[in-house]
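Peer 1: This structure is in C-alpha coordinates; I'll ask about it shortly.
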Amino acid sequence: MFTVFFVGTAGSGKTTLVSTFSEWLEREGYDVAIVNLDPAVDYLPYVADIDVRDLVSARKLARKYKLGPNASILAAVDSLIAHADKIREMILSLGATYILIDTPGQMEIFAFRGSGPMLISRLSMERGAIVFVIDGVYAKSPTGFVSSILLSLSVQFRFSKPQVNALNKIDLLEPEAVERITAWYEEPEDLMNALRLESTLTSKLEIMLSEKITEVIASMGLTTRLIPVSAKTGQGLDELYRVLHQVYIGGQDYDYVE
(Lines give C-alpha, C1' and ligand atoms only; values in the text may rest on other atoms or scores of the structure.)
Protein backbone atom coordinates (compact mmCIF):
# COMPACT_ATOMS: atom_id res chain seq x y z
CA MET A 1 0.00 0.00 0.00
CA PHE A 2 1.40 3.35 -1.11
CA THR A 3 0.08 6.57 0.45
CA VAL A 4 0.54 9.71 -1.64
CA PHE A 5 -0.21 13.02 0.09
CA PHE A 6 -1.07 15.94 -2.21
CA VAL A 7 -0.02 19.27 -0.70
CA GLY A 8 -0.29 22.71 -2.27
CA THR A 9 -1.34 26.29 -1.77
CA ALA A 10 -4.96 27.33 -2.13
CA GLY A 11 -5.86 27.56 -5.80
CA SER A 12 -2.93 25.45 -7.03
CA GLY A 13 -5.32 22.81 -8.40
CA LYS A 14 -4.35 20.18 -5.86
CA THR A 15 -7.82 18.68 -5.37
CA THR A 16 -8.52 18.63 -9.10
CA LEU A 17 -5.19 16.89 -9.64
CA VAL A 18 -6.15 14.23 -7.09
CA SER A 19 -9.39 13.63 -8.98
CA THR A 20 -7.79 13.49 -12.43
CA PHE A 21 -4.87 11.34 -11.30
CA SER A 22 -7.18 8.83 -9.61
CA GLU A 23 -9.17 8.53 -12.84
CA TRP A 24 -5.95 8.03 -14.80
CA LEU A 25 -4.79 5.28 -12.42
CA GLU A 26 -8.13 3.51 -12.68
CA ARG A 27 -8.04 3.62 -16.48
CA GLU A 28 -4.57 2.09 -16.36
CA GLY A 29 -5.94 -0.76 -14.26
CA TYR A 30 -4.50 0.20 -10.89
CA ASP A 31 -6.37 -0.22 -7.61
CA VAL A 32 -6.72 3.29 -6.17
CA ALA A 33 -8.66 4.94 -3.34
CA ILE A 34 -9.05 8.57 -2.29
CA VAL A 35 -9.01 10.03 1.20
CA ASN A 36 -10.28 13.57 1.77
CA LEU A 37 -8.33 14.98 4.71
CA ASP A 38 -9.86 18.46 4.48
CA PRO A 39 -12.55 18.97 7.14
CA ALA A 40 -13.53 22.38 5.72
CA VAL A 41 -13.97 21.72 2.00
CA ASP A 42 -17.41 22.49 0.55
CA TYR A 43 -17.16 20.65 -2.76
CA LEU A 44 -15.12 17.72 -4.04
CA PRO A 45 -14.78 16.75 -7.72
CA TYR A 46 -14.42 13.09 -6.73
CA VAL A 47 -16.21 10.57 -4.55
CA ALA A 48 -13.99 10.04 -1.52
CA ASP A 49 -13.59 6.50 -0.21
CA ILE A 50 -12.86 8.08 3.17
CA ASP A 51 -14.06 11.58 4.02
CA VAL A 52 -12.89 13.07 7.32
CA ARG A 53 -15.90 15.38 7.29
CA ASP A 54 -17.81 12.33 8.51
CA LEU A 55 -15.64 12.49 11.64
CA VAL A 56 -14.83 16.19 12.02
CA SER A 57 -16.57 19.12 10.37
CA ALA A 58 -15.12 22.63 10.50
CA ARG A 59 -18.56 24.03 9.78
CA LYS A 60 -20.09 22.23 12.78
CA LEU A 61 -17.26 23.32 15.05
CA ALA A 62 -17.77 26.90 13.94
CA ARG A 63 -21.45 26.79 14.88
CA LYS A 64 -20.89 24.94 18.14
CA TYR A 65 -18.08 27.11 19.50
CA LYS A 66 -18.87 30.33 17.61
CA LEU A 67 -15.55 30.29 15.78
CA GLY A 68 -14.47 32.30 12.78
CA PRO A 69 -13.50 30.61 9.49
CA ASN A 70 -9.79 30.32 10.25
CA ALA A 71 -10.23 29.28 13.87
CA SER A 72 -12.74 26.58 12.94
CA ILE A 73 -10.37 25.12 10.34
CA LEU A 74 -7.52 25.14 12.85
CA ALA A 75 -9.67 23.39 15.43
CA ALA A 76 -10.91 20.82 12.91
CA VAL A 77 -7.46 19.91 11.59
CA ASP A 78 -6.07 19.61 15.12
CA SER A 79 -9.06 17.46 16.09
CA LEU A 80 -8.17 14.95 13.38
CA ILE A 81 -5.25 13.77 15.52
CA ALA A 82 -7.73 12.11 17.89
CA HIS A 83 -9.12 10.17 14.93
CA ALA A 84 -5.79 9.28 13.32
CA ASP A 85 -5.83 5.62 14.38
CA LYS A 86 -9.39 5.18 13.16
CA ILE A 87 -8.57 6.82 9.82
CA ARG A 88 -5.54 4.55 9.48
CA GLU A 89 -7.69 1.46 10.12
CA MET A 90 -10.19 2.68 7.53
CA ILE A 91 -7.38 3.15 5.00
CA LEU A 92 -6.06 -0.34 5.66
CA SER A 93 -9.54 -1.79 5.18
CA LEU A 94 -9.70 -0.34 1.67
CA GLY A 95 -7.00 -2.70 0.49
CA ALA A 96 -6.03 -0.45 -2.44
CA THR A 97 -2.49 -0.30 -3.78
CA TYR A 98 -2.50 3.47 -4.23
CA ILE A 99 -4.06 5.74 -1.60
CA LEU A 100 -4.31 9.36 -2.74
CA ILE A 101 -4.73 11.69 0.23
CA ASP A 102 -6.08 15.17 -0.45
CA THR A 103 -4.82 17.47 2.31
CA PRO A 104 -6.48 20.71 3.52
CA GLY A 105 -6.60 23.58 1.06
CA GLN A 106 -5.09 25.96 3.61
CA MET A 107 -1.60 24.51 3.30
CA GLU A 108 -0.10 26.66 6.04
CA ILE A 109 -2.57 25.26 8.59
CA PHE A 110 -1.69 21.68 7.68
CA ALA A 111 2.02 21.93 6.96
CA PHE A 112 3.22 24.39 9.57
CA ARG A 113 1.40 23.20 12.67
CA GLY A 114 2.15 20.09 14.70
CA SER A 115 -0.97 18.28 13.54
CA GLY A 116 0.14 18.05 9.90
CA PRO A 117 3.40 16.12 10.37
CA MET A 118 1.70 13.93 12.97
CA LEU A 119 -1.07 12.98 10.54
CA ILE A 120 1.43 12.34 7.75
CA SER A 121 3.39 10.04 10.05
CA ARG A 122 0.35 8.16 11.38
CA LEU A 123 -1.31 7.68 8.01
CA SER A 124 1.74 6.66 5.97
CA MET A 125 1.76 2.96 5.15
CA GLU A 126 4.62 0.80 3.85
CA ARG A 127 5.57 3.56 1.48
CA GLY A 128 4.64 7.21 1.53
CA ALA A 129 5.39 10.26 -0.58
CA ILE A 130 4.43 13.90 -0.97
CA VAL A 131 3.31 15.50 -4.22
CA PHE A 132 3.83 19.22 -3.84
CA VAL A 133 1.62 21.02 -6.35
CA ILE A 134 3.00 24.27 -7.75
CA ASP A 135 0.67 26.73 -9.43
CA GLY A 136 2.19 27.17 -12.88
CA VAL A 137 0.49 30.51 -13.48
CA TYR A 138 2.04 31.94 -10.32
CA ALA A 139 5.43 30.33 -10.94
CA LYS A 140 5.88 31.79 -14.42
CA SER A 141 7.61 34.85 -12.93
CA PRO A 142 11.10 34.31 -11.44
CA THR A 143 10.14 35.61 -7.98
CA GLY A 144 6.90 33.61 -8.02
CA PHE A 145 8.88 30.51 -8.91
CA VAL A 146 11.41 31.07 -6.12
CA SER A 147 8.58 31.56 -3.62
CA SER A 148 7.01 28.29 -4.75
CA ILE A 149 10.27 26.35 -4.44
CA LEU A 150 10.89 27.82 -1.00
CA LEU A 151 7.49 26.54 0.11
CA SER A 152 8.30 23.17 -1.44
CA LEU A 153 11.55 22.94 0.50
CA SER A 154 9.75 23.94 3.70
CA VAL A 155 7.17 21.20 3.21
CA GLN A 156 9.87 18.62 2.51
CA PHE A 157 11.70 19.70 5.65
CA ARG A 158 8.52 19.49 7.73
CA PHE A 159 7.33 16.09 6.54
CA SER A 160 10.65 14.29 5.88
CA LYS A 161 9.16 12.20 3.09
CA PRO A 162 10.23 11.56 -0.50
CA GLN A 163 8.74 14.45 -2.42
CA VAL A 164 7.78 15.03 -6.02
CA ASN A 165 7.20 18.56 -7.29
CA ALA A 166 4.45 18.90 -9.90
CA LEU A 167 4.06 22.06 -11.96
CA ASN A 168 0.30 22.23 -12.48
CA LYS A 169 -1.84 24.24 -14.92
CA ILE A 170 0.50 23.89 -17.86
CA ASP A 171 -2.60 24.00 -20.08
CA LEU A 172 -2.78 27.71 -19.19
CA LEU A 173 0.85 28.36 -20.17
CA GLU A 174 2.61 28.65 -23.50
CA PRO A 175 5.04 25.77 -24.17
CA GLU A 176 7.92 28.25 -24.04
CA ALA A 177 6.90 29.28 -20.52
CA VAL A 178 6.85 25.65 -19.36
CA GLU A 179 10.31 25.11 -20.82
CA ARG A 180 11.57 28.26 -19.14
CA ILE A 181 10.24 27.24 -15.73
CA THR A 182 11.70 23.73 -15.95
CA ALA A 183 15.02 25.26 -17.00
CA TRP A 184 14.97 27.45 -13.88
CA TYR A 185 14.45 24.32 -11.83
CA GLU A 186 17.32 22.43 -13.43
CA GLU A 187 19.78 25.31 -13.90
CA PRO A 188 19.91 27.73 -10.93
CA GLU A 189 22.16 30.06 -12.92
CA ASP A 190 19.36 30.56 -15.47
CA LEU A 191 17.04 31.41 -12.63
CA MET A 192 19.43 33.94 -11.13
CA ASN A 193 19.84 35.61 -14.51
CA ALA A 194 16.05 35.83 -14.83
CA LEU A 195 15.83 37.34 -11.36
CA ARG A 196 18.36 40.02 -12.29
CA LEU A 197 16.38 40.89 -15.39
CA GLU A 198 13.28 41.21 -13.25
CA SER A 199 15.01 43.62 -10.90
CA THR A 200 13.39 46.64 -12.54
CA LEU A 201 9.97 45.22 -11.70
CA THR A 202 10.57 44.32 -8.07
CA SER A 203 12.48 45.74 -5.11
CA LYS A 204 16.19 45.16 -4.66
CA LEU A 205 15.49 43.45 -1.36
CA GLU A 206 13.21 40.90 -3.08
CA ILE A 207 15.83 40.18 -5.70
CA MET A 208 18.59 39.82 -3.11
CA LEU A 209 16.53 37.43 -1.03
CA SER A 210 15.47 35.45 -4.10
CA GLU A 211 19.07 35.09 -5.25
CA LYS A 212 20.18 33.91 -1.81
CA ILE A 213 17.38 31.36 -1.76
CA THR A 214 18.40 30.21 -5.23
CA GLU A 215 21.94 29.70 -3.97
CA VAL A 216 20.57 27.56 -1.15
CA ILE A 217 18.59 25.49 -3.65
CA ALA A 218 21.72 24.97 -5.74
CA SER A 219 23.87 24.10 -2.73
CA MET A 220 21.36 21.46 -1.64
CA GLY A 221 21.75 19.74 -4.96
CA LEU A 222 18.13 20.17 -6.03
CA THR A 223 18.69 18.94 -9.58
CA THR A 224 15.75 16.59 -10.03
CA ARG A 225 13.30 17.49 -12.76
CA LEU A 226 10.09 19.38 -12.19
CA ILE A 227 7.14 17.41 -13.58
CA PRO A 228 4.82 19.57 -15.70
CA VAL A 229 1.21 18.37 -15.43
CA SER A 230 -2.30 19.54 -16.16
CA ALA A 231 -5.07 18.53 -13.80
CA LYS A 232 -7.50 19.66 -16.50
CA THR A 233 -6.22 17.77 -19.54
CA GLY A 234 -4.29 14.96 -17.87
CA GLN A 235 -1.05 15.90 -19.58
CA GLY A 236 2.02 14.65 -17.72
CA LEU A 237 0.18 12.20 -15.46
CA ASP A 238 2.04 9.24 -16.95
CA GLU A 239 5.31 10.89 -15.95
CA LEU A 240 3.98 11.67 -12.48
CA TYR A 241 3.03 8.02 -12.07
CA ARG A 242 6.42 6.83 -13.29
CA VAL A 243 8.31 8.95 -10.76
CA LEU A 244 5.95 7.98 -7.93
CA HIS A 245 6.40 4.34 -8.86
CA GLN A 246 10.14 4.79 -8.46
CA VAL A 247 9.49 6.12 -4.97
CA TYR A 248 7.17 3.17 -4.29
CA ILE A 249 9.69 0.52 -5.25
CA GLY A 250 12.72 2.37 -3.89
CA GLY A 251 11.56 4.06 -0.70
CA GLN A 252 13.82 6.92 0.44
CA ASP A 253 16.62 5.95 -1.96
CA TYR A 254 14.78 6.79 -5.15
CA ASP A 255 16.11 8.64 -8.12
CA TYR A 256 14.76 10.32 -11.22
CA VAL A 257 15.87 8.82 -14.50
CA GLU A 258 15.29 10.03 -18.02
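The values are calculated or read from the model by the stated rules, or taken from the named source; none is laboratory data. Everything numeric here is computed off the predicted structure, so don't read it as measured data. With ideal geometry, Cβ positions are generated from the backbone for all residues, glycine too; neighbour counts draw on all protein chains shown.
Peer 1: Only residues that are buried (at least 18 other Cβ atoms within 10 Å of the Cβ), in a helix (DSSP H, G or I) and in contact (Cβ under 8 Å) with a residue 60 or more places away in the chain: list them for segment 53-105, please.
Peer 2: Selection gives Ile91 alone.
Peer 1: Give the residues of segment 172-191 that are over 24 Å from the mean Cα position of the chain (by Cα) and within 15 Å of Gly144 (Cβ to Cβ), sorted by residue number.
Peer 2: none
Peer 1: A further question follows. Among (1) closer than 24 Å to Val32 by Cα; (2) in a loop (DSSP other than H, G, I, E, B), there is one condition Ala129 misses while meeting the rest; what is its number?
Peer 2: Answer for Ala129: the failing condition is (2).
Peer 1: Given (1) small (Gly, Ala, Ser); (2) over 16 Å from Phe132 (Cβ atoms); (3) at pLDDT below 95, identify the lone condition not met by Ala33.
Peer 2: Unmet condition: (3).
Peer 1: Of the conditions (1) over 18 Å from Val243 (Cα atoms); (2) outside any helix (DSSP H, G or I), Ala166 clears all except one; give me its number.
Peer 2: All conditions are met except number (1).
Peer 1: Something else: Just the residues that are in a loop (DSSP other than H, G, I, E, B) and either touching a strand residue (DSSP E or B) at 6+ places or on another chain (Cβ under 8 Å) or at pLDDT below 90 (or both), please, taken from segment 114-126.
Peer 2: Result: Ser124, Met125, Glu126.
Peer 1: Please give the number of the condition Ala166 fails out of (1) under 20 Å from Gln235 (Cα atoms); (2) more than 17 Å from the chain's Cα centre (by Cα).
Peer 2: (2)
Peer 1: Continuing with this model, one more query. For residues in segment 26-49 being more than 21 Å from Ser72 (Cα to Cα) and touching a helix residue (DSSP H, G or I) at 6+ places or on another chain (Cβ under 7 Å), which is surrounded by the most Cβ atoms within 10 Å (Cβ to Cβ)?
Peer 2: Ile34
Peer 1: For segment 169-191, give me each residue that is part of a loop (DSSP other than H, G, I, E, B) and surrounded by 20 or more Cβ atoms within 10 Å (Cβ to Cβ).
Peer 2: If the condition is that a residue be part of a loop (DSSP other than H, G, I, E, B) and surrounded by 20 or more Cβ atoms within 10 Å (Cβ to Cβ), then Lys169 is the only one that fits.
Peer 1: For Glu108, only one of the following conditions fails: (1) closer than 30 Å to Lys86 by Cβ; (2) in contact with a helix residue (DSSP H, G or I) (Cβ under 6 Å, 6 or more places away or on another chain); (3) not in a strand (DSSP E or B). What is its number?
Peer 2: The number of the failed condition is (2).
Peer 1: Return the residues of segment 192-215 that are exposed (fewer than 14 other Cβ atoms within 10 Å of the Cβ) and either at pLDDT 75 or above or under 22 Å from the mean Cα position of the chain (by Cα) (or both); say none if nothing qualifies.
Peer 2: Listed by number, the residues that qualify are Asn193, Arg196, Leu197, Leu205, Met208, Lys212, Glu215.
Peer 1: Further question on the same structure: Quick test of your reading of the structure: Ile34 fulfils all but one of (1) in contact (Cβ under 8 Å) with a residue 60 or more places away in the chain; (2) assigned to a loop (DSSP other than H, G, I, E, B). Name the failing condition by number.
Peer 2: So the condition that Ile34 fails would be (2).
Peer 1: Taking Val137 and the conditions (1) β-branched (Val, Ile, Thr); (2) over 21 Å from Ser230 (Cα atoms); (3) surrounded by fewer than 19 Cβ atoms within 10 Å (Cβ to Cβ), which numbered condition does it fall short on, given that it satisfies the others?
Peer 2: Going through the list (1) β-branched (Val, Ile, Thr); (2) over 21 Å from Ser230 (Cα atoms); (3) surrounded by fewer than 19 Cβ atoms within 10 Å (Cβ to Cβ), Val137 breaks only (2).
Peer 1: So, Val18, is that one under 28 Å from Ala231 (Cα atoms) and either aromatic (Phe, Trp, Tyr) or not in a helix (DSSP H, G or I) (or both) or not?
Peer 2: no
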